[in-house]
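The values are calculated or read from the model by the stated rules, or taken from the named source; none is laboratory data. It should be emphasised that the depicted structure is a prediction, and the values quoted were computed from it without experimental measurement. Here the Cβ positions follow ideal geometry from the backbone for every residue, glycine too, while neighbour counts run over all protein chains shown.
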Amino acid sequence: MKYLLIYSSRFGYTKKIAQKLEAQWTAAGITVNLVNLADAPILHSGEYDKIIIGASIRYGHYAAALAPWIIRNQLILNSTPSAFYSVSILANKPHRNTPQTHTYTRKFFAKSPWQPQTIGIFAGELHYARYNLIDRYMMRLVMKLNKGETNLNAHIEYTDWKKVREFGEQILKLTN
Ligand SMILES: Cc1cc2nc3c(=O)[nH]c(=O)nc-3n(C[C@H](O)[C@H](O)[C@H](O)COP(=O)(O)O)c2cc1C
């Protein structure tokens with residue numbers, strides 16, 4: 001069994017989640033090819049048993065390169081058991097943490113030619129010290145509007161790792 005796991009990550013957090021999944025699947029005897037979206041290959045039929053893509057949200061959107069890559073590879077994506085996970089801060093809100101209630105993901109897949117069989121919605125990381133001045137200001141504003149953490153010394157991982165593990169288990173069970 002061979003999985004392709006592609007991540008799109010600005011500060012490395014989506015990659016960190018990808019590495020957790022990689023470890024889980026490797027322990028289950030799967031060969032995992034972990035690749036940055038920037039280096040993602042053009043897919044060919046039969047190369048992988050399952051394909052998983054993880055991407056983070058920045059100012060309401062996934063990386064600009066994600067949609068074109070999906071469009072180019074839609075035939076293989078749609079004919080292979082596949083999954084997607086989203087990483088964002090607002091997914092830490094209980095009313096925004098499912099594929100149906102998470103607006104970013106719902107809007108993205110409403111327009112996408114690829115429909116993954118499973119979608120995971122994970123809360124990411126808040127780490128003001130790593131952001132530049134504008135990003136720090138904007139994120140603080142977003143957090144304030146959402147009654148979240150505004151202390152600039154904050155470094156918080158909001159991720160529910162049990163949810164990530166359950167997503168990993170769901171992928172192991174995915175069939176055509
Ligand atoms: C500049 C910036 C903008 C962000 N915009 C959003 C946003 O619009 N909505 C949201 O829920 N999270 C937003 N986030 C939170 C990120 O999605 C979160 O920090 C995630 O863990 C980043 O993962 P990455 O390191 O893999 O890119 C933003 C973070 C930064 C730094």
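Go through the stretch 132-149 residue by residue and tally those that are closer than 16 Å to Lys93 by Cα and of a type in the set (Val, Ile, Thr).
Total satisfying the criteria: 1.
Name, by its number, the condition in (1) closer than 19 Å to Lys20 by Cβ; (2) within 13 Å of the chain's Cα centre (by Cα); (3) β-branched (Val, Ile, Thr) that does not hold for Ile156.
If we test Ile156 against (1) closer than 19 Å to Lys20 by Cβ; (2) within 13 Å of the chain's Cα centre (by Cα); (3) β-branched (Val, Ile, Thr), just (2) comes out false.
Part of a loop (DSSP other than H, G, I, E, B), under 24 Å from Met1 (Cα atoms) and not assigned by TED's automatic domain parsing to the domain that holds Met138: does that describe Pro116?
So Pro116 passes the test.
Of all residues in the stretch 120-133, which are more than 8 Å from the ligand (Cβ to nearest atom) and surrounded by fewer than 19 Cβ atoms within 10 Å (Cβ to Cβ)?
Within the stretch 120-133, Ala129, Asn132, Leu133 meet the criteria.
Say we look at the stretch 134-149 and pick out the residues that are hydrophobic (A, V, I, L, M, F, W, C) and more than 10 Å from the ligand (Cβ to nearest atom); which of these is surrounded by the fewest Cβ atoms within 10 Å (Cβ to Cβ)?
Among them, the one singled out is Leu145.
Filter the stretch 94-113 for residues that are assigned to a loop (DSSP other than H, G, I, E, B), at pLDDT below 95 and surrounded by 15 or more Cβ atoms within 10 Å (Cβ to Cβ) and give the result.
If the condition is that a residue be assigned to a loop (DSSP other than H, G, I, E, B), at pLDDT below 95 and surrounded by 15 or more Cβ atoms within 10 Å (Cβ to Cβ), then Asn97, Pro99, His102 are the ones that fit.
Which residues, counting only those in the stretch 46-77, are away from the ligand (no atom under 16 Å from the Cβ), part of a loop (DSSP other than H, G, I, E, B) and either at pLDDT below 95 or within 15 Å of the chain's Cα centre (by Cα) (or both)?
Once the filter is applied, which keeps residues that are away from the ligand (no atom under 16 Å from the Cβ), part of a loop (DSSP other than H, G, I, E, B) and either at pLDDT below 95 or within 15 Å of the chain's Cα centre (by Cα) (or both), the stretch 46-77 yields only Gly46.
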